[in-house]
Each structure stands twice: as C-alpha cells, then as structure tokens.
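The values are calculated or read from the model by the stated rules, or taken from the named source; none is laboratory data. The model shown is predicted, which means the values in this text are computed figures rather than measured ones. Here Cβ is always computed from backbone atoms with ideal geometry, including for glycine, and neighbour counts include all displayed protein chains. Areas reflect the complete protein model, heavy atoms only, side chains present, ligands, DNA and RNA absent. Shrake-Rupley method; radii C 1.70, N 1.55, O 1.52, S 1.80 Å.
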Amino acid sequence: AVWLLAHDAAALYGWQTLRQRINPTAFTPLAEATCARALGSRWAFQFFPDEVREALLESVDDAAGQTTTQGRVVALAAQLTRSPERFSAAHLQPLVTEGWQP
C-alpha cells in the first residue's frame, strides 16, 4: 500500500481522512497486533506492548476462541484481515451485543 499511497494523492487523502476519523480505543492495539500476527509481520508485531503480544503468541485462532471481549476483537480483526470479502454485519454482532457503538 505504501507505493500506492506515495503515487496516488487521492488514495493518500482518503487514507488520512479515514485514520483521522477512527477513534482509537483500548482495543485498537490488540486489533492492529492481530492483523500483524495473522499476516506474519514479525517486524510490526514486536512494537506492541507485552500484554497485547502475549494474547496472540500461541496463535490468533486460540485467542479468537475466547469468549471475552478481547477474544471477540481478535476474531473480528482476524476475519477482516484474512477474508475481507466475507466480512459482514454478523461479525460485528458479538461486540454490538456487548454495547459497542458503530
């Protein structure tokens, strides 16, 4: 994506607008670390806090199987990373049920 953003001003503007509108939460580093772990990016994964990395060290699938909010965030991020074309509102439902706002 770096080369696309470097050579396409409209894409860069859209990316920056999206980043500004996303309100980070306590779970943002966990979702980002899940993406890095699922994609095999050891370089990016090393920069997350220890408590975030520990949840994902064994496997993303094990962490996603937990019935906690943390497990639901991992499952959502893993689904969106691995199969974005299959992502739907049904994947958001567990967090909406917990009271998360869109």
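Roughly how many debye, to the nearest 20, is the charge dipole of the chain about its Cα centre, given +1 on each Lys and Arg Cβ, -1 on each Asp and Glu Cβ, and no other charges?
Dipole size: approximately 280 debye.
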- prompt: With every protein chain left in place, what is the accessible area per residue of the chain in square angstrom, probe 1.4 Å?
  reply: 73
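Which of rounded, prolate, oblate describes the stretch 4-43, given a ≥ b ≥ c as roots of the alpha-carbon gyration tensor eigenvalues and a/c under 1.5 marking rounded, otherwise prolate only if a/b is larger than b/c?
Values: a/c = 4.36, a/b = 1.41, b/c = 3.10.
Verdict is oblate for the stretch 4-43.
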query: How much of the accessible area of the stretch 46-102, in percent, comes from carbon and sulfur atoms when a 1.4 Å probe is used?
result: 52
